[in-house]
Amino acid sequence: MMKKLVVVAIAILAFAPAAAAQPAASFTGKWEGTFKMQRSDGTEGDSRPVAFDLTQKGKALTGTAGPPDRQWKVEKGAVDAGKATFEVQQPDGPLFKFTLTIVKERLQGDMAGERDGVVRGHAKVDAAKAK
């Protein structure tokens with residue numbers, strides 16, 4: 001009986017790394033949600049709509065992002081260890097830098113707005129796959 005338990009335990013341990021090493025979820029798809037600006041006193045501002053149309057190919061990330069009615073090109077998009085980073089330059093406006101992950105099937109993370117190389121604000125992003 002003891003030998004059977006040892007064999008079963010070894011079999012479980014042999015397959016555990018394969019189960020733990022499941023691939024991270026893909027960022028590909030249309031995402032809709034909100035961002036909330038973080039005020040300098042630590043409080044949150046009002047929610048504003050944001051949308052993403054992303055395509056992940058390996059570690060490369062392309063697509064568009066911005067308000068649902070105005071989308072701008074994703075630049076410098078990369079995916080590493082389950083984290084997506086990219087920039088979106090608003091014409092005649094700030095550069096937005098995103099750092100996002102997929103948490104429980106939701107796109108979540110941070111956005112920083114820069115103008116003239118100076119960070120002017122931070123926001124929390126939360127979006128779900130569009131239906």
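Values for this structure:
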read-out	value
Search result, residues across segment 105-131 that are over 20 Å from residue 82 (Cβ atoms) and open to solvent by 80 Å² or more (accessible area, probe 1.4 Å)	115, 116, 120, 122, 131
Selection count where residues are in contact with a Ser or Thr (Cβ under 8 Å, 6 or more places away or on another chain) and open to solvent by 40 Å² or more (accessible area, probe 1.4 Å), scope segment 79-95	2
In segment 37-64, residue farthest from residue 84 (Cα to Cα) [restricted to those that are without any contact (Cβ under 8 Å) to a residue 40 or more places away in the chain, assigned to a strand (DSSP E or B) and of a type in the set (S, T, N, Q)]	47
Total residues in segment 65-84, condition outside any loop (DSSP other than H, G, I, E, B) and either over 23 Å from residue 47 (Cβ atoms) or of a type in the set (Lys, Arg) (or both)	8
Filter result (touching a Lys or Arg at 6+ places or on another chain (Cβ under 8 Å) and closer than 11 Å to residue 27 by Cβ) within segment 64-84	78, 79
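Yes/no per residue for (1) more than 22 Å from residue 118 (Cα to Cα); (2) touching a Pro at 6+ places or on another chain (Cβ under 9 Å); (3) basic (Lys, Arg):
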position: 40; (1), (2), (3): no, no, no
position: 44; (1), (2), (3): no, no, no
position: 49; (1), (2), (3): yes, yes, no
position: 53; (1), (2), (3): yes, no, no
position: 63; (1), (2), (3): yes, no, no
position: 71; (1), (2), (3): yes, no, no
position: 78; (1), (2), (3): yes, no, no
position: 94; (1), (2), (3): no, no, no
position: 97; (1), (2), (3): no, no, yes
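The values are calculated or read from the model by the stated rules, or taken from the named source; none is laboratory data. Predicted model, so just to flag it, every value in this text is computed and none were measured. Cβ sites come from the backbone with ideal geometry, for glycine too, and all protein chains shown count toward neighbours. Remember, those area values only see protein heavy atoms, side chains included, never the ligands or the DNA or RNA. Shrake-Rupley method; radii C 1.70, N 1.55, O 1.52, S 1.80 Å.
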